[in-house]
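Below is one structure, written out as structure tokens, with a few remarks after it.
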């Protein structure tokens, strides 16, 4: 049976025979199923990369390659033709390792029941149930938003209670007490008034806010003239609500009336693409796509754009991205060909456009955070930190190190670990510095990182190495990012350690100001300032404070133990080894002081003369005199600890 190494060698030999021409390659598994389809400008160069060293491969690519049994290819005349063919084949075969999007763009409706107490709700399809349907609409999000706005403005219920059956059976819900519902369930409104509210809501949904505002203003004036002040006040409140909604929509008025905004957020092995669609200067649709691990973000953006606009008939003239996509000129050419006009891919850096992209990214972060059980702030912080440090993928595991000593004494280090933005305390580690004497923080930090990486290499020889990267723990798992408590000097001192160990891990320092607060992130070329208003600043500050707390806590613990140990060494017959053994056995000095001679004698490395000496040290008033000591000495044939 062919081993994995033999299979990779066979596939690499086959790949090296491919021509240096554009085309599409098709990966198949042992069952002949297509698991990945890609395109290449030069097939030989691209395909052979899969079957070379996997050090630079993302986990997703490693898994895909481990399942490839064979591949085939199709030559094309140009890279553009290869892109068109790739899109067509992916749509046809839906391979497992390509980015695949579920197209839920059916038609959507607004359903209004025709009964004494009507109900308004969004609907996915039109049924023959006697209800009135407004639509169809393409956007499910816009349909839901419109219904929610209408219910909120006209204070209509969105609960499952049925009227008149449930009137008076229960007290009103919270919506009534915050002014969002007219509470027909509690008899707060008559059937005629309720039906009128529904008619007004339907007119709003059919005609839009502007038409409804004019009609409501006219009705309010008539009510005031007829001295119907209660009705006029109710209409006034609705007009105010409508104006608020209109003002809210004007916030997203754009210089470019038609465009899409696309942003990506990741936490761990989960990612999310968010799409905001604008038309007429207003946000009219939004879509969310939760995906698994995507690997290289630039490549993932390209694949997403291909899949997304393959599902859409309409392509806007302008598409704003939150980061670079692979082969953007080629993508722009393909999108322009599909749209029949020029389509521009744009990366906004400042102004209103950048703010909208950031809003899109924040929404993506919120969705991915909910999917993995994190908060939106945590997800946003990790994504922002990755952009700040120039990392392709947000770091899942962050390790931070700090040195602590007192004038070079009790020199120790602490390592804290943050996983997906949260401290993983079971992964924390303590180091006693062994090879450095005195206050040399650079040398101490070098020793700590050397020992940490040595432990990683040892783990490669254990069963832990066979586990997937996501399941490894402790020293067997390399971090995605290393942060040192210190400036660029610390970074420069530690960089050779990583190079010697042949590991490629982003390495930065955490710089404090005069008040011992986080000020910037250090790299060998200088510093990266962090605004105190950004979520990345909060995360880095939390990491720096935690590693400092952990390191100094260990230093104090060790110093206290050494002080206690040195006090024990004042007793004749007690050296460093016996002092350490006593503390380990009794835990505290007070326990040693309270112990009887027989208990002290049972401790590791102790005998009766030394146990008696310890007892007499702490209980001089209870000493039994020279006779007892002499008797013990002659009996044991030993030397008196006092003599």
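The values are calculated or read from the model by the stated rules, or taken from the named source; none is laboratory data. In this text the structure is predicted, and so the values were computed from the model without any measurement. Methodologically, a virtual Cβ is constructed for each residue, glycine included, from the backbone with ideal geometry; neighbour enumeration extends over all protein chains shown.
From the list 222, 230, which residue is in a helix (DSSP H, G or I) and at pLDDT 80 or above? Give the derivation first.
Details: 230 fails: at pLDDT 80 or above.
Criteria check complete, one pass: 222.
Inside the stretch 499-525, residues that are modelled with pLDDT of 80 or more and at positive phi make up a count of 1.
Inside the stretch 330-352, residues that are free of Cβ contacts under 8 Å to residues at least 40 places away in the same chain and more than 28 Å from residue 84 (Cα to Cα) make up a count of 3.
Answer yes if at least one residue in the stretch 359-369 is in a loop (DSSP other than H, G, I, E, B), in the same structural domain as residue 276 (by TED's automatic domain parsing) and under 23 Å from the mean Cα position of the chain (by Cα), and no otherwise.
We begin by selecting, within the stretch 359-369, every residue in a loop (DSSP other than H, G, I, E, B); these are none.
Checking the stretch 359-369: not a single residue is in a loop (DSSP other than H, G, I, E, B), in the same structural domain as residue 276 (by TED's automatic domain parsing) and under 23 Å from the mean Cα position of the chain (by Cα).
Do you know which residues across the stretch 411-446 are in a helix (DSSP H, G or I), farther than 30 Å from residue 369 by Cα and in contact with a helix residue (DSSP H, G or I) (Cβ under 9 Å, 6 or more places away or on another chain)? Don't jump to the end; show me each part of the working.
Of the stretch 411-446, the ones in a helix (DSSP H, G or I) are 425-427, 441-446.
Filter once more, keeping what is farther than 30 Å from residue 369 by Cα: 441-446.
Within the stretch 411-446, 441, 442, 443, 445, 446 qualify.
State yes or no: is residue 178 free of Cβ contacts under 8 Å to residues at least 40 places away in the same chain, on the phi < 0 side of the Ramachandran plot, in contact with a helix residue (DSSP H, G or I) (Cβ under 7 Å, 6 or more places away or on another chain) and in the same structural domain as residue 119 (by TED's automatic domain parsing)? Reasoning before the result, please.
On the way: free of Cβ contacts under 8 Å to residues at least 40 places away in the same chain: yes; on the phi < 0 side of the Ramachandran plot: yes; in contact with a helix residue (DSSP H, G or I) (Cβ under 7 Å, 6 or more places away or on another chain): no; in the same structural domain as residue 119 (by TED's automatic domain parsing): yes.
When the stated conditions are applied, residue 178 does not pass them.
Restricting attention to the stretch 39-64, the residues being within 19 Å of residue 303 (Cβ to Cβ) and surrounded by 20 or more Cβ atoms within 10 Å (Cβ to Cβ) number 6. Among the residues of the stretch 581-602, the ones that are surrounded by fewer than 19 Cβ atoms within 10 Å (Cβ to Cβ) and outside any helix (DSSP H, G or I) come to 4 in all. Tallying residues that are under 21 Å from the mean Cα position of the chain (by Cα) and either free of Cβ contacts under 8 Å to residues at least 60 places away in the same chain or assigned to a strand (DSSP E or B) (or both) within the stretch 293-306 yields 2. Entry remark, the stretch 1-28: residues being closer than 17 Å to residue 97 by Cα and either surrounded by fewer than 18 Cβ atoms within 10 Å (Cβ to Cβ) or in contact (Cβ under 8 Å) with a residue 60 or more places away in the chain (or both) number 4 in total. Being surrounded by 15 or more Cβ atoms within 10 Å (Cβ to Cβ), more than 35 Å from the chain's Cα centre (by Cα), in a strand (DSSP E or B) and at negative phi holds for only one residue in 73, 36, and it is 73.
Considering each residue of the stretch 265-282, count those that are outside any loop (DSSP other than H, G, I, E, B) and touching a helix residue (DSSP H, G or I) at 6+ places or on another chain (Cβ under 8 Å), and give that number.
Within the stretch 265-282, the subset outside any loop (DSSP other than H, G, I, E, B) is 265-267, 270-279, 282.
Pick out the ones that are also touching a helix residue (DSSP H, G or I) at 6+ places or on another chain (Cβ under 8 Å) and you get 265-267, 270-276, 282.
Total meeting the criteria: 11.
Scan the stretch 461-481 and give yes if some residue there is farther than 27 Å from residue 62 by Cα and either within 25 Å of the chain's Cα centre (by Cα) or buried (at least 16 other Cβ atoms within 10 Å of the Cβ) (or both), otherwise no. No, the stretch 461-481 contains no residue that is farther than 27 Å from residue 62 by Cα and either within 25 Å of the chain's Cα centre (by Cα) or buried (at least 16 other Cβ atoms within 10 Å of the Cβ) (or both).
Checking the condition touching a residue at least 12 places away in the same chain (Cβ under 8 Å), over 30 Å from residue 418 (Cβ atoms) and crowded, with 20+ Cβ neighbours inside 10 Å, which residue from 322, 260 passes?
On the way: 322 fails: over 30 Å from residue 418 (Cβ atoms).
Matching residue, one of 322, 260: 260.
Quick check on the stretch 381-395: of everything there that is in a loop (DSSP other than H, G, I, E, B) and more than 11 Å from the chain's Cα centre (by Cα), which residue is surrounded by the fewest Cβ atoms within 10 Å (Cβ to Cβ)? If we take residues in the stretch 381-395 being in a loop (DSSP other than H, G, I, E, B) and more than 11 Å from the chain's Cα centre (by Cα), then 390 is surrounded by the fewest Cβ atoms within 10 Å (Cβ to Cβ).
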